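The structure appears below as structure tokens.
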Amino acid sequence: DPRDSPFFCQRSMQHEELAAQMLSELELRQFPEEWDAASTVHLSLNDTSGFGVTLHLIAQALSSTLRHNQSLAMHGKWSYFRHRGCLAGGRKQGLSCYFEAAHSECPTEVLWATRNPPTFTANYQLHNDWHLPQRFNVPGGGVFFWVSQLSKYLMTPNRSLENLLRRIKLAIGFQHPIIGVHVRHGDSCPKWEDAHSHLPGAKCESFEKYLLEMEAMRARYKTNRVFICTDDPGVIAQLPQHASFDFVHLHFDRALFAASDWAIELKLLMATMDRRMVAETTLVDILLLAEADFFIGTLSSHFGSLAYELSVATKGYHPPYVSLDYAWQGSLLSPVQFHNDAGATVDMRELNPKRRDFRKPS
């Protein structure tokens with residue numbers, strides 16, 4: 001447990017000081033006194049991929065605008081938030097339906113004067129590097145810190161989501177200490193066999209492998225309470241067979257995720273699923289994984305990586321975790337550019353050389 005380290009307080013203070021500095025810079029750019037088309041980047045949310053990868057791509061675009069002293073304005077109706085619940089109480093069908101606003105209201109004339117079509121589209125094909133200021137590439141900071149703080153900035157729950165989280169935790173018996181486990185099955189598994197998969201060799205692991213890691217973590221940290229996050233109804237059906245663990249999980253019909261070969265995002269786009277149910281179970285699953293004291297999952301998954309990033313960004317330290325496949329950088333889709341305060345590149349690194357599309361520079 002990192003909290004047992006004699007350097008824990010020092011490292012936590014470094015983390016918190018950098019996080020406060022980063023938040024100040026984000027708010028300065030994202031809440032300008034006056035929006036200006038020349039310094040505004042327009043990102044469309046009308047064409048999106050999975051939840052985790054889309055959040056990472058928004059964060060990626062945000063890292064670029066910070067580098068160039070620009071503001072990122074998001075527009076469009078993301079399928080996850082395109083439901084009537086997001087129109088109640090003056091809310092909008094976007095990130096601000098569930099999260100604190102990531103930017104102030106951008107005037108329409110400025111938004112559409114930036115570029116038509118939008119400068120960025122939040123889908124899997126966005127080929128844009130990560131951008132990290134050198135002043136944050138210091139002890140307590142670095143690439144993981146930078147990405148996780150951007151994720152936290154975008155996913156800070158608003159009052160409505162906080163209330164939902166509180167009600168669900170009481171309903172399912174979510175109590176600390178607790179192990180958070182993300183069992184990735186469902187529509188994700190066939191993608192790993194695709195010749196275009198970004199990570200060769202990654203696959204959906206059997207629940208038995210997760211159980212082995214749960215047993216090891218229980219023995220080491222003396223807790224048998226486990227929060228299970230999964231899209232596989234078969235995993236939930238197996239839980240009563242393992243009575244030595246105290247399992248808790250969200251209660252909804254996971255068979256909906258396996259009802260056809262369509263990806264979840266396509267089902268949402270075609271409105272063949274309850275969008276509000278999918279949105280709220282997705283968000284609550286991620287945030288409860290992040291709140292858990294320990295983590296087991298697959299960090300090749302953007303969903304799992306996002307949960308772990310939020311966990312570290314919120315706690316201020318790396319909680320004990322197990323990844324059944326890749327280390328965290330496996331979810332990075334692009335190289336990282338390190339730049340100075342003038343915006344000039346001083347270094348560039350590819351942290352995910354296992355990607356199928358990675359090519360070493362000649």
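Every residue, every condition in (1) modelled with pLDDT under 80; (2) closer than 30 Å to residue 276 by Cβ; (3) surrounded by 14 or more Cβ atoms within 10 Å (Cβ to Cβ), yes or no:
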site	(1), (2), (3)
11	yes, no, yes
34	no, no, no
45	no, yes, yes
62	no, yes, yes
89	yes, yes, no
93	yes, yes, yes
Pairs with Cβ under 8 Å, 6+ apart, first in region 226-254 and in contact (Cβ under 8 Å) with a residue 40 or more places away in the chain and more than 22 Å from residue 279 (Cα to Cα), second open to solvent by 40 Å² or more (accessible area, probe 1.4 Å) and of a type in the set (Asp, Glu): 226/246
Residues satisfying the stated conditions in region 145-163, i.e. part of a helix (DSSP H, G or I) and open to solvent by 30 Å² or more (accessible area, probe 1.4 Å): 152, 159, 160, 162, 163
Among residues of region 64-87, those that are in a helix (DSSP H, G or I), at pLDDT below 80 and either open to solvent by 30 Å² or more (accessible area, probe 1.4 Å) or basic (Lys, Arg) (or both), counted: 2
Hits in region 95-132 (condition: at pLDDT 65 or above, out of contact with any Asp or Glu (no Cβ under 8 Å at 6 or more places or on another chain) and of a type in the set (A, V, I, L, M, F, W, C)): 95, 97, 99, 101, 102, 106, 111, 112, 113, 130, 132
Candidate set from region 338-362 (those that are of a type in the set (Gly, Ala, Ser) and at pLDDT 65 or above); member that is surrounded by the most Cβ atoms within 10 Å (Cβ to Cβ): 343
Exclusive hit being under 16 Å from residue 286 (Cα atoms) and either open to solvent by 30 Å² or more (accessible area, probe 1.4 Å) or at pLDDT below 95 (or both), set 135, 166: 166
Residues that are over 16 Å from residue 12 (Cβ atoms), part of a loop (DSSP other than H, G, I, E, B) and touching a residue at least 60 places away in the same chain (Cβ under 8 Å), drawn from region 296-319: 298, 300, 301
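The values are calculated or read from the model by the stated rules, or taken from the named source; none is laboratory data. It should be emphasised that the depicted structure is a prediction, and the values quoted were computed from it without experimental measurement. Neighbour counts run over all protein chains shown; Cβ positions are idealised from the backbone, glycine included. Accessible surface areas use protein heavy atoms only, side chains included; no ligands, DNA or RNA. Shrake-Rupley method; radii C 1.70, N 1.55, O 1.52, S 1.80 Å.
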